[in-house]
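Structure record follows, encoded as structure tokens.
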């Protein structure tokens, strides 16, 4: 479990900086939208972390660490599948590199 948690957290901290670039370039979001999305995610993380931290102090840390590892694996798997779906089934491997007016007309 500790090794799994290490890999999930390591992957998270490697992906987080590039998520802004992916959202900006591939999905065509503005810098403000990217900032709002990432800030909202960080805010929810802090709020949920305080609540779950309190619960883990009362109930024990092991079940919460196991649940966090499983949720992390599922979340990253869904992220990969979503990006695969968007690039493969929409037949637009570089859909984010086109200006929005060109993307809408194609």
- When the convex hull of the Cα atoms of the stretch 2-96 is projected onto a plane and the area is averaged over all directions, what value comes out in nm²? 6.8
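Quote the relative contact order of the stretch 2-96 in percent (integer), defining contacts as alpha-carbon pairs under 8 Å separated by 6+ residues. It would help to have the intermediate numbers written out before the result.
On the way: 30 pairs, mean separation 37.6, N = 95.
Contact order relative to length: 40 percent.
Every number here is computed from the coordinates shown, using simple stated rules; none is lab data. Values in this document were obtained by computation on a predicted structure and should not be read as measured data.
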